[in-house]
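Undergrad: Shown below is the structure under consideration.
Every number here is computed from the coordinates shown, using simple stated rules; none is lab data. As the structure is a computational prediction, the values presented were derived from the model and not from experiment.
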Amino acid sequence: MNIYLVDVERGRETSSTAVRSATGELDRATSVFIDARPGLLRIARQILGNTSDAEDVIQETWLRWLGTDRTVVGSPSALLRTTTVRLAINVVQSAWRRRESCSSPWLLDLVDGHASPEAVAEQQDAVERAVLLLMETLTPTQRAAYLLREGFGHPYVRISELLGLSVANARQQVSRAQQRLAADRRRQPVDSVAHRRLVQAFFGAARSGDVERLERILATDAGRLPAGR
């Protein structure tokens, strides 16, 4: 009987220790998320354009964070940012699936010329991931037509001239790009140098309004201009 009571007491102590350990881990996870939350919310708002949807994304990020094996996470803040960007982009894609229109081009909304250094770093991260999504998903011609139309409001006549297409084909390229993005068909490997070049050209065009370099890069990638022009 005494041995039984000792075993029960040991079981209670072990259980209590496990509970305290789990509680401490949850407290640490909560603290990390609370510290990161303001920056995550800014990223989500930049992509989605409104606070309500951004709050929903942050709530989902929190749930994903709770379900993550945090013992193998090297950089919690980087993981939280990545999760937030992916979830926000998924919301945009869902809007496309429902054929809802955005009030302004979502990629262009990522760039704020008056942002603080911290916000600029967050914008850079968001734009890099958004451009990566386009490069993974779209053909070079689709990507060029989509970025010029949806990102900078180019008329289809101008897009057709830049890419050597008919106006009808230019419209079709944008439509196909939207369909592929909605289907989340990310299968293509992406060259890191080409990705960096396109990100820099996009930032330059978004901040200065001079889209000529971006046009040249997109047209070259689509095979409409020789490299180096």
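Undergrad: For HIS154, which sequence-distant residues (separation of 5 or more, or a different chain) have an amide H within less than 5 Å of its own amide H, given hydrogens modelled in the peptide plane?
TA: Long-range HN contacts for HIS154: ARG149.
Undergrad: Still on this structure, please answer the following. If you build the convex hull over the alpha carbons only and average its shadow over all orientations, what do you get for segment 147-229? Give it in nm² to one decimal.
TA: Approximately 5.8 nm², given one-decimal rounding.
Undergrad: Quote to one decimal, in nm, the extra length available between SER52 and ASP35 on full extension: 0.36 nm per residue of separation minus the C-alpha distance between them.
TA: Value of the extension gain: 4.1 nm.
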